[in-house]
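Some notes on the structure that comes next.
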Amino acid sequence: MTITCGVDWASDHHDVALVDQEGTLLARARIADDLDGLHQLLELLTTHGDAVNAPVPIAIETSRGLLVACLRATGRPIYAINPMAAARYRDRHTVTRKKSDHLDAMVLANILRTDRAAHRPLPDDSELARAVAVLARAQQDAVWDRTQAGNKLRSHLREYFPGFLAAFQHKREGISGSVARAVLAAAPTPEQAAKLTRPQLRTLLKKSGRERGIETEAERLRAALRVPQMRQPNQVEQAMGCQTVALLRQLNAACTSVEDLTEATAESFDTHPDAEIITSFPGLGSVTGARVLAEIGDDRSRFTDAKGLKAFAGAAPITRASGRSLAVMARRVKNQRLASVGYVWAFASLTASPGARAHYDRRRADGDRHTAAQRNLFNRMLGCLHYCLTKRSPYDEQAAFPTLPAPQLTIAA
C-alpha cells in the first residue's frame, strides 16, 4: 500500500497528515519544531510502514529549515511544493474556500498521491555543494545590500553635497570605494571637505589602501572638493552630515560583508570537484561559478537533459498556443538567482570567447535586442555546461562554437 505524507510547516509547529493510495486519512498530528517533534514524526512514519527500502515520500511547502535538513539526512524523498501550486490543489477538495493547517497537510499528501510524477524531489546534492550554496547566496545578498546602501547614501548626498558625488563619479566603484568612504567619514559636510589639506588627503588615501599616484589623486580631490556648489543652511547641513555618518556605517558594514563572504565563497567553491570544469568556461570565475553551482547543484540526475536546465534558468523561451494564436515569449517563472548570474556570465564571455562574441553578433544581426541576444547566448552556454558536467570534461571553444564551413562556389559549365 502506497503511503504519502504532507507537512504544513510553521515557525513553531507543523501539522502532519498521512493518506493511503485511496486518499483515506490514516493519521494526523501536530508536532513541535524541535527534536521531540522530529522523533514524533519519524515514529508516526514508521508505524505506517516506513522502511529503509521503501521510505514514505513527504511533501512540504519549503526547501529550507531544520526540519527539511533532518528529513533529508534520513534519505527520505522530500518534495518542496510551490505554495501557489498547493493553493490550486486546495480548490479540488473544497468549494467553500475554507482553509486550515490540517487541510493544507492533507492537500500536500494528496498531491503526491495523485500527481507525484509532476513534481520533483529535492536534489541529492553533496554537503559541500549545499555549503557553497549558502555562501554564494549570502554573498549575492550582501552585494544587493551594498548596492541598496550605496543608493541611499548617494540620494542623500545629492540633497546637500553634490560636489562629493562629482569628485567620485568617474570611479568604477563610485562612493562605495574605499577611498570615497574614507574621505566621506573624515569630512561628511561640504565645509569640512573644503578644509581638508594635502597631507590629510594623502593620509586618507594611504589608509584606504591606495599605493600609486597618491600625490596626483590628493591634488585632484583637494581641487574637486573646493569647487563652489549650492549649500544648505549651516544647521541643516550639519544635521544632514550626521545622517551621512549613519548611512556610511551601513555602507561600510555591507562592504565588509561582501569582502568576507566573497573570500569564503571562493575558498569553498575551489575545493569542489566541479569547480575546475565550471571555471573553464569563458566569463566564469570563482564567485560567479559558485553562484552557478549553488543553483544547479551537483546531483547530475536533477536535470536529465539540457532542456530542463535551460528552462530552470529561464534561458529557454516559452510557447503559448491556443487555436490560431501562437506566441513565443521570454520565460518569467525561473530561478531568479541563476538568471541574474547568467546575464553577467554572457556579458563577460563576449570579451573572453570569440565564438560567444560571434554568436551574439549573429543574433543581433538577426534582429534580437541586446537582452534577447544575451539570453540566447546564456542558453547556448548552459547546454555546453550540462554536457561538460555530464561527461566530466572541460570547456572546448571549438566544440562549443564550431567554425562554419565557407560556402563553396560552383561555376556552371
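Taking every protein chain into account, the accessible area of the chain amounts to 56 square angstrom per residue (probe 1.4 Å). Ranking 122, 66, 248 by solvent-accessible area of protein heavy atoms (1.4 Å probe, all protein chains present), from largest to smallest, gives 66, 122, 248. Counting only protein chain heavy atoms and rolling a 1.4 Å probe, the accessible areas of 95, 19, 328 rank, largest first, as 95, 328, 19.
Counting only whole DSSP H helices of the chain, the ones at least 30 Å long by C-alpha along their axis and with mean Kyte-Doolittle hydropathy no lower than -1.0 are 127-160, 234-270, 370-391.
What a 1.4 Å probe finds exposed on the chain is 53% carbon and sulfur by accessible area, rounded to a whole percent. Let me know the shape class of segment 1-145, please: from the alpha-carbon gyration tensor, a ≥ b ≥ c as square roots of the eigenvalues, rounded when a/c is under 1.5, otherwise prolate if a/b is greater than b/c, or oblate. Prolate, because a/c is 1.5 or more and a/b exceeds b/c. Using heavy atoms of the protein chains and a probe of 1.4 Å, the accessible area assigned to residue 173 is about 110 Å².
For the chain, the 222 nm mean residue ellipticity estimated from helices alone, with every DSSP H stretch of n ≥ 4 adding -39500 (n - 2.57) and the total spread over all residues, rounds to -18000 deg cm²/dmol.
Using a probe of 1.4 Å, the accessible surface attributed to residue 344 totals some 80 Å² when neighbouring protein chains are kept in position. Of the residues 217, 22, ranked by 1.4 Å probe accessible area with the largest first, the sequence reads 22, 217.
Using only alpha-carbon positions in segment 275-413, the gyration tensor eigenvalues give semi-axes of 26, 22, 15 Å once each is multiplied by 5 and square-rooted (largest first).
Normalising the Debye intensity of the chain to I(0), with uniform scatterers on Cα atoms only, and taking log10 at q = 0.13 Å⁻¹ returns -1.15. Database remark: amide H of residue 13 closer than 5 angstrom to the amide H of 33 (H placed geometrically; neighbours at sequence offset of 5 or more, or on other chains; Pro and chain starts carry no H).
Taking a ≥ b ≥ c as the square roots of the eigenvalues of the Cα gyration tensor, an a/c ratio of 1.5 or more together with a/b no larger than b/c marks segment 207-264 as oblate. Shape class for segment 230-330: oblate, because the ratio a/c of the largest to smallest gyration tensor axis (alpha-carbon atoms, square roots of eigenvalues) is 1.5 or more and b/c is at least a/b. Under a model in which nothing but the beta-carbon of Lys, Arg (+1) and Asp, Glu (-1) is charged, the chain shows a dipole of about 2000 debye around its Cα centre.
By the rule of a C-alpha distance below 30 Å, with chain neighbours fewer than 8 residues away ignored, the lysines paired with residue 310 are 334, 391.
Taking all protein chains as they are arranged and a probe of 1.4 Å, the heavy atoms of residue 171 leave approximately 80 Å² accessible to solvent. Candidate cross-link partners of residue 195 among the aspartates and glutamates, defined by an alpha-carbon separation under 16 Å and a same-chain spacing of 8 or more, comprise 219, 237.
The values are calculated or read from the model by the stated rules, or taken from the named source; none is laboratory data. Every value quoted in this text rests on a predicted model; they were computed, and no experiment measured them. Here the Cβ is made from the backbone with ideal geometry for all residues, glycine too, and neighbour counts use every protein chain on show. Please note that ligands, DNA and RNA were not included when accessible areas were found on the heavy atoms of the full protein model with its side chains. Shrake-Rupley method; radii C 1.70, N 1.55, O 1.52, S 1.80 Å.
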